[in-house]
Structures are given as structure tokens and as C-alpha cells.
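Computed from the coordinates by the stated procedures, all read-outs in this text should not be read as laboratory data. Just so we're clear, the structure is a prediction, and the values are computed from it rather than from any experiment. Please note: Cβ atoms are built from the backbone with ideal geometry, for glycine as well, and neighbour counts cover all protein chains shown.
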Amino acid sequence: MAEKQKKIIKTLKIDVDKCNGCRACEVICSAFHASPKYSSNNPARSRIRIIRDPHRDIYVPVYAGEYTVAECAGRDKYTIDGKEYDECSFCRASCPSREEFKEPDSGLPLKCDMCEGEDEPLCVKWCLVDALQVEEREEDVSEDEESEQQDLDIGLESLADKYGMDKIVDALARMNEKD
Ligand code: SF4
Ligand code: SF4
């Protein structure tokens, strides 16, 4: 049986009712991930996006999750407290059917890293109305490296098929640039 080890899982807890659509979270996330760090800000590079419709008082912060090769076949519409939310409003995927969570120059998928190395996720810190909070929990994870490696291989293969290996190598080089 595979050995278990402890891992801290972080999630963002989002209170849609508190979000006022100020987009400070988009600004700080994109600035933190700019190269060099804080040299620019561009919400299109942010790993958190606000799904906004001011006429309907809809502001939904969504942070980037997994890359998906194919768009999903079935979609949902939600009505909550009398507000109808569009399809995909709550979805975190970097998906072919929408613009969010793609690096604008290369088209490569973006994914939230919980601001790796920071004491607190920066979007949480910058949200003055506490619409974003971080939660941590400890989970047992299996050391089944073989299956993780398989997942990684499949992910890289599909990225390479779609974007070409050159772009991926270029993006990795940019990510590893010293700030
Ligand atoms: S900083 Fe907070 S209030 Fe402003 S858009 Fe982001 S989640 Fe909403
Ligand atoms: S936790 Fe950090 S990387 Fe993730 S969306 Fe917020 S600012 Fe961006």
C-alpha cells in the first residue's frame, strides 16, 4: 500500500455578496506575476478574474484552476437570490471556450499558485471588503508517484500538442527568470 504523507491544502473562500467589482485583486495578482515582478499590471494576466455584470449587480471572483483541453459538453445556469448567473460564471478552468486564464502573449494556461512563497495570498490581502479569505486544511496524500507522473505526462503532452513545445519551453524560461 502506498505511504501517506500530510499536505497543506489552501483554498480561497469567496463571498460573492461582498465583492464590489473593484478589481484590486486582478491588479495585484497580475503585477506579482509580471516579469520582472511588479513591473506591470494587466488583468488579462491575472489568475483571478471578476465575472462582472454591473447592470445585474453581479460580481463573481473566480481564481484559475486546471487547464482543460476540451470544453465541456454540458453547462449550468444558476439563479441565486433572484440573480441569474451566466454559463461558466463559477467555473475555474482554463478552457478553449473562453478568454480567462490564458497568458495573453503565448496563450498558455494560467493557474493560481496561492502566491507561492508569500505569507498570505495577495488577492486576499488586497481585498478591502473581505470578499476573499484563505482557508487551510491538512490532508493525507498518497505517495503514488507513478500515477502523479502519468497525470503530469498527459498534461504536458496535451499542452505541447496545442501550443507547441517551443512556446512551453519559452514560458518556463520566463517563469524561472530571476526577479
Ligand atoms: S478585490 Fe475584493 S471586492 Fe475587489 S474585485 Fe477583488 S474580490 Fe471583489
Ligand atoms: S492567490 Fe495569488 S496567484 Fe492565486 S489568484 Fe490570488 S493573487 Fe493570484
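Structure notes:
- Backbone HN-Hα couplings from phi across segment 76-92 [Karplus 6.51/-1.76/1.60, Hz, Gly and Pro as x]: 10, 10, 10, 10, 10, 6, x, 9, 8, 9, 5, 4, 6, 4, 9, 7, 9
- Full extension of the chain between residue 55 and residue 89 yields a length gain of 10.7 nm, computed as 0.36 nm times the residue separation minus the alpha carbon distance.
- Charge dipole magnitude, Cβ of K and R +1, D and E -1 - segment 1-139, Cα centre, debye nearest 20: 160
- Highest mean packing comes first when the peptides 77-83, 17-23, 132-138, 29-35 are listed by Cβ atoms within 10 Å, giving 29-35, 17-23, 132-138, 77-83.
- Taking a sphere under 15 Å around the Cβ of residue 25 and counting the other residues whose Cβ falls inside, with K and R at +1 and D and E at -1, yields a net charge of +2.
- The Cβ shell under 10 Å around residue 132 holds other residues with a net charge of +1, Lys and Arg each +1, Asp and Glu each -1.
- Unsatisfied cross-links (Cα-Cα over 30 Å) in the set 10/77; 6/83; 13/102: 6/83
- Overall form of segment 4-65 per C-alpha gyration tensor (a/c, 1.5; a/b vs b/c): oblate
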